[in-house]
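Asks: Would you mind keeping the following structure in view while I ask a few things?
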Amino acid sequence: MKKVDFSKIGYQIWEKKVQILVTVFLFFLLSIAYTLNFTVPFYQSTIMLEVADKNSGRVDEKRMATYCEILKSEIMLEETIQNLALDLEVQELQKDISVKQVPESTFLQITVNQENPQDATRIANELAEGFQKKAQETYHIQQIAIPEEATIPERAYYMLPVQDILLFCLAGIVLSIGYMGISSIVEQRKEIEQAQKKKREEIKQKKEGQEKAEKIQSNQEKGEKNEAKPKRGRKKNS
């Protein structure tokens, strides 16, 4: 019995790589549509802090990094939550806040992500003002300015979960390759069955031909014997 040729299956799948790529792209679009329809949008509010040294007008990188950590510390966030009476945990708020130094400047950028645009703005402003006050009282840093308060954002953003998108694309690859592989196996099975059926028919026809030939030969031999019997009888009568 002829077995399935897996190398042929691999070759056929490779030949259909364009269809696989199209399928993966469609699943990618499906993941985007899923995100837009089933993911809650968030609003981003940003505020800037200017931190300058009294003498040089600049702040070294290590100190700026320290300020970033202070802004995201549990103490700062707890005070922000209490002052605004927010129904949030500190760990939740930490995930929604990013603080970084603007390259080659004395500015710190605070970005807050929230489902409610008003909450995002309130948190950004409160955090900046709270840090300014704490820096003056605790660290005696007077050169902290807030050039402009955060404004309520109008544009909503969608968090594209990379893991979900990768899962959708992986599903597209697996399904397309699996479908093509199974289709190729089914086609090969059909070809094998047809070849076996054809071979059986050939064997059957050959056998029938042999039987027919043997039958004809047997009839001929019987006929020759029957023809030979009368001749012997005529010889005896004479």
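Derivation of every value follows stated rules applied to the coordinates shown; laboratory data play no part. Because the structure is predicted, anything quoted here is derived from the model rather than measured. Here the Cβ is made from the backbone with ideal geometry for all residues, glycine too, and neighbour counts use every protein chain on show.
Asks: For Cα pairs less than 8 Å apart in space and 6+ apart in sequence, what is the mean separation divided by the residue count of the chain, i.e. the relative contact order in percent?
Replies: 31
Asks: Excluding LYS206 itself, calculate the net charge of residues whose Cβ lies under 11 Å from the Cβ of LYS206, where each Lys or Arg counts +1 and each Asp or Glu counts -1.
Replies: Residues close to LYS206 contribute a combined charge of +1.
Asks: While we're looking at this one, here's another question. Hey, how many Å between the Cα centroid of the stretch 142-159 and the Cα centroid of the stretch 74-94?
Replies: The two parts, judged by their Cα centres, are 18 Å apart.
Asks: Follow-up question, since we're still on this one. Round to the nearest 10 and give me the degree value, 0 to 90, for the angle of helix 162-237's Cα axis relative to the longest principal axis of the chain.
Replies: The answer is roughly 0 degrees.
Asks: Given a 10 angstrom Cα cut-off, can you work out which residue in ASN219, ASN125, ASN113 is the most mobile in a GNM of the chain?
Replies: Looking only at ASN219, ASN125, ASN113, the largest GNM fluctuation is found for ASN219.
Asks: Moving on to the next point. Can you give the net charge of the other residues whose Cβ lies under 14 Å from the Cβ of GLU79, counting K and R as +1 and D and E as -1?
Replies: -1
Asks: Same structure, new question: Here are several values of Cα Rg over 2.2 N^0.38 Å: (i) 1.10; (ii) 2.46; (iii) 1.15. Which one was derived from the coordinates shown?
Replies: (ii)
Asks: Let me ask something else. Net charge within 12 Å of ALA120 by Cβ-Cβ distance, Lys/Arg positive one each and Asp/Glu negative one each, not counting ALA120 itself?
Replies: Neighbour charge sum, excluding ALA120 itself: -3.
Asks: Helix 6-15 versus the longest principal axis of the chain: what angle, 0 to 90°, nearest 10, using Cα atoms?
Replies: Roughly 50 degrees, rounded to the nearest 10.
Asks: Here's something else I'd like to know. Find the eigenvalues of the gyration tensor of the Cα atoms of the stretch 41-157, then list the square roots of 5 times those eigenvalues as equivalent ellipsoid semi-axes, largest first, in whole angstrom.
Replies: They are 24, 15, 12 Å, listed from largest to smallest.
Asks: Roughly how tilted is helix 117-137, in degrees to the nearest 10 and between 0 and 90, from the longest Cα axis of the chain?
Replies: Helix 117-137 and the main axis of the chain meet at about 50 degrees.
Asks: Which residue, chosen from ALA124, GLN136, VAL112, occupies the Cα position most advanced towards the positive end of the dipole of the stretch 105-156, where the dipole is computed from +1 (Lys, Arg) and -1 (Asp, Glu) charges on Cβ about the Cα centre?
Replies: GLN136
Asks: Anyone know which of SER176, SER73, SER45 comes out most mobile in the 10 Å Cα GNM of the chain?
Replies: Largest GNM mean-square fluctuation: SER73.
Asks: Which of GLN163, GLN142, GLN217 moves the most in a Gaussian network model of the chain with Cα springs under 10 Å?
Replies: Per the Cα network of the chain with a 10 Å cutoff, GLN217 tops the list.
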